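Just so it is clear, none of the values below were taken in a lab; they were calculated from the coordinates. Given the structure is predicted, the values throughout are model-derived calculations rather than measurements. Note that we place each Cβ from the backbone using ideal geometry, even for glycine, and neighbour counts take in every protein chain shown.
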Amino acid sequence: MKAKQKKIFTHHDLDKVKIEFKDDATAFNALKKEKFEGKGKLNCLISAKIFEVLIKENIPTHFIELENENTMIAKKIQVVPLEIVLRNIAYGSLCKQTTIKPGTRLSKPLIDIYLKNDELSDPLITKDRIELMNILSSDDLDLIINLTLKINVILKNFFKNIQLQLVDFKLEFGYDYENNILLCDEISPDNCRLWDLKQKNDTIVSLDKDRFRNDLGGLIEAYSEIHRRINDFL
């Protein structure tokens, strides 16, 4: 099975899968595409390290282990067709859709939920619509929201330790064969907006996929810097 930036393969253990990270970069619902040699490896290695950090903090995830530098072994899950976006600082689509100015620090984390549907361009969706569409129960949605808030606290502290500001991030969740809700997909510069705290004069330097979205260049260099800082810290 193929995703935009990953390939998923069967495993000899039917409760597991192999996830291979590709070098593809996509943006704007895959309207913009490009390949960057080494990107898949970096995202895989970064994701594995961060999943390990979250697991130590009792966050349930699909991650089991690395098979190689660009492939991980994970629990087989049924993915919930929702994207959970948590914002600590206003940027991107939030500022385009509201009067909030970019860079505004939010008084509390904002959670936006989007329906995973390319044909509908992944629309923002309400709790009532989620219930109406029978995507998941109210209790399970509350569990996912609570997990997202806990993950935010862990990730904010983790990234602060390596001089990165966690602006916002996107999570996905799914059910394992025992019907447990697990964090899945990846945690990488592809789905986290990360600003370099080493900069002076409040200059925003993105070390994430905004370098591709906004034609800033230096994508692999930015991802490599994050990988280096994580390895130095851990």
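Details
- This model, with +1 at the C-beta of Lys and Arg and -1 at the C-beta of Asp and Glu, gives the range 140-210 a dipole about its Cα centre of some 540 debye.
- Integer Hz, Karplus 6.51/-1.76/1.60 couplings in order for the range 169-175, x for Gly and Pro: 7, 10, 10, 10, 10, x, 9
- Relative contact order of the range 49-116, defined on C-alpha pairs under 8 angstrom at six or more residues apart (%): 26 percent
- Whole-Hz Karplus values for the range 22-31 come out as 8, 8, 6, 10, 10, 8, 6, 6, 6, 6 Hz, taken residue by residue from phi with 6.51 cos²θ - 1.76 cosθ + 1.60 and θ = phi - 60°; glycine and proline positions read x.
- Inter-label distance for Asp140 and Asn29, nm, one decimal - labels placed 7 Å from Cα along Cα-to-Cβ: 2.6 nm
- About its Cα centre, the dipole of the chain is roughly 740 debye, where the only charges are +1 on Lys and Arg Cβ and -1 on Asp and Glu Cβ.
- Model label zone, Asp202; criterion: amide N under 15 Å from point 7 Å along Cα-to-beta-carbon; scope the range 86-105: 89-91, 101-105
- Once C-alpha pairs closer than 8 Å and six or more residues apart are averaged by separation and normalised to the residue number of the range 105-234, the relative contact order reads 14 percent.
- Rg over Rh [alpha-carbon atoms, Kirkwood Rh] for the range 62-205: 0.98
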